[in-house]
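In what follows, a single structure is set out as structure tokens and then discussed.
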Amino acid sequence: AYPLALGRRSCPPTHPVNLGLRTGTLHDALTNEPWQIPPRARKLWGHQHRNAAHIDLPATLDDPTGDDVREDVPLTYAPKKRAFANRRVRHTYLRVATGLTPDPKAPPTEDDGHDPFALLGW
């Protein structure tokens with residue numbers, strides 16, 4: 001028996017594990033879900049980012065027309081003959097509400113609007 005893990009055993013989930021069922025596409029469900037961050041970390045992040053109303057979170061989503069291939073769909077779990085199939089994925093950012101109120105009087109910081117990964121097409 002193994003503990004619950006998110007993809008790999010080195011990625012155990014934190015609470016809550018079950019947020020319930022959502023309708024719509026995976027992209028829409030993830031975008032509409034409230035940001036899952038502890039209150040203390042949210043407060044610290046809010047001070048560093050001028051209480052930004054949104055955050056862009058990186059995500060990898062299944063997409064039949066995606067530009068990347070992952071060989072991780074198990075075909076067999078046989079210990080001596082494990083086999084995996086491919087799936088196509090795309091890398092994107094999800095704009096998620098932070099639950100913070102922006103400070104309109106705060107001057108912009110150097111990193112506001114700067115996304116170094118945008119050049120990579122993510």
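Here is how the numbers come out for the structure above:
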| quantity | calculated |
| --- | --- |
| Helix 39-48 axis, angle to the chain major axis (alpha carbon atoms, nearest 10°) | 60 |
| Karplus (6.51, -1.76, 1.60) ³J(HN,Hα), θ = phi - 60°, over the stretch 12-25, in Hz, Gly and Pro reported as x | x, x, 9, 6, x, 7, 10, 9, x, 8, 10, 9, x, 6 |
| Cβ-based net charge around GLY46, under 13 Å, with every Lys or Arg adding one and every Asp or Glu removing one | +3 |
| Theoretical ellipticity at 222 nm over the chain - DSSP helices of four or more residues, -39500 (n - 2.57) apiece, nearest 500 | -4000 deg cm²/dmol |
| Which labelled figure in (1) 14.3; (2) 10.8; (3) 9.8 is mean projected area of the Cα convex hull in nm², once derived from the coordinates | (2) |
| J(HN,Hα) series, the stretch 94-105, from Karplus relation 6.51 cos²θ - 1.76 cosθ + 1.60, nearest Hz, glycine and proline x | 10, 7, 10, 5, 8, x, 9, 9, x, 8, x, 8 |
| For the stretch 81-90, Karplus couplings with θ = phi - 60° (6.51, -1.76, 1.60), whole Hz, Gly/Pro x | 9, 5, 9, 9, 9, 8, 9, 9, 9, 10 |
| The chain: relative contact order in percent, alpha carbon pairs under 8 Å with at least 6 residues between | 26 |
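Every read-out reported here was derived from the displayed coordinates using simple, explicitly stated rules and does not represent laboratory data. Quick caveat, the model's predicted, so the values are computed rather than measured. Virtual Cβ from ideal backbone geometry, glycine too; neighbours counted across all protein chains shown.
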